[in-house]
Amino acid sequence: MKLMDIMLWSFHMVKVFQENSDNINCFDFSPNGETIILSSKDNSIALYDCHEGTEYWNYVVLLT
């Protein structure tokens, strides 16, 4: 068994964020771990509360 296999098996799903309408391109956590920021293929950027799993800010970038 490879180290990567061991690392992947050690994770488990805690929250599912279903509000995004398209695939997630990128995500990152705040330094205190309480907020997550997501960017999606639908050009939206959203902030979520990690404990509640609720979205509290969403912005759609309009490309021209």
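Scanning the range 1-42 for residues that are polar (S, T, N, Q), modelled with pLDDT of 85 or more and over 13 Å from the mean Cα position of the chain (by Cα) returns a single hit, Asn32. Tell me, yes or no, whether the range 53-64 has at least one residue that is at pLDDT 65 or above, surrounded by 14 or more Cβ atoms within 10 Å (Cβ to Cβ), touching a Gly at 6+ places or on another chain (Cβ under 8 Å) and part of a loop (DSSP other than H, G, I, E, B). There is no residue in the range 53-64 that is at pLDDT 65 or above, surrounded by 14 or more Cβ atoms within 10 Å (Cβ to Cβ), touching a Gly at 6+ places or on another chain (Cβ under 8 Å) and part of a loop (DSSP other than H, G, I, E, B).
The values are calculated or read from the model by the stated rules, or taken from the named source; none is laboratory data. Keep in mind the model is a prediction, meaning the values are calculated, not measured. Reconstructed Cβ throughout: ideal geometry from the backbone, glycine too, with neighbour counts over all protein chains shown.
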